[in-house]
Amino acid sequence: LVITDLRYYFFEVYDHYVLGGINTKVATEVAYYLDEQDEAQDVYFFGFPRMGYDSLSTIAYLVPDIQAEDVLEPLLTSPTWRLNQPTIFIFLPERIAELDYVRTAYPDGTYREVKQKNGDLLFLSYEVP
């Protein structure tokens, strides 16, 4: 029985279990992604209602110098935000449809997807220089 428990808890459980849940995984990967970027960037986060940029302290802990603005309401038209510096738009998969509005308003950006090892999409970004 002890050997079975040890094998399960030290090997098998983590084959399918995400410690902290999927939002923790997303927050960690967003933080790693932002840590690779220049600090002088604005960030717009499209994650509500599932999660906000500050809803988990993971991002603030790993990249404390980068602040983001949560976009709470879904976009219904292209935004008219004035971008004063390079800007990153981060979208969770359920808000991917709003990317088209952002692309229309700021067509010079670069699209990037961040996926899990199994290929599932965690988030995507659109970087505007």
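Of Phe89, Phe11, Phe45, which is the most mobile in a GNM of the chain whose springs link Cα atoms less than 10 angstrom apart? For the chain, modelled as a Gaussian network with Cα springs under 10 Å, the answer is Phe11. Every helix of 4 or more DSSP H residues in the chain counts as -39500 (n - 2.57), and over all residues that averages to -7000 deg cm²/dmol at 222 nm. Against the set (i) 17.2, 63; (ii) 16.0, 53; (iii) 15.9, 55, the structure's computed Rg and Dmax of the Cα atoms in Å falls on (i).
With angles folded into 0 to 90 degrees, how steeply does helix 22-35 sit against the dominant principal axis of the chain? Use alpha carbons for both and round to 10. Its long axis makes an angle of about 60 degrees. Ligands, DNA and RNA are left out, and with a 1.4 angstrom probe the accessible area of the chain is 64 Å² per residue. Among Ala31, Tyr9, Thr110, whose Cα lies farthest out toward the positive end of the dipole of the chain, if unit charges sit on the beta carbon of Lys, Arg (+1) and Asp, Glu (-1)? Result: Tyr9, furthest along the dipole toward the positive end. Dipole magnitude for the chain: computed about the Cα centre from +1 point charges on Lys and Arg Cβ and -1 point charges on Asp and Glu Cβ, it is near 300 debye.
For segment 13-129, the relative contact order comes to 25 percent (Cα pairs under 8 Å, sequence separation of at least 6). The residues packed around Ser125, meaning those with a beta-carbon under 9 Å from its beta-carbon, carry a net charge of -1 if Lys and Arg are +1 and Asp and Glu are -1.
Put a dot 7 Å past the Cα of Val114, heading toward its Cβ, do the same for Glu39, and the two dots end up 1.9 nm apart.
The values are calculated or read from the model by the stated rules, or taken from the named source; none is laboratory data. Because the structure is predicted, anything quoted here is derived from the model rather than measured. Methodologically, a virtual Cβ is constructed for each residue, glycine included, from the backbone with ideal geometry; neighbour enumeration extends over all protein chains shown. Protein only, heavy atoms only, side chains kept; ligands, DNA and RNA dropped before computing areas. Shrake-Rupley method; radii C 1.70, N 1.55, O 1.52, S 1.80 Å.
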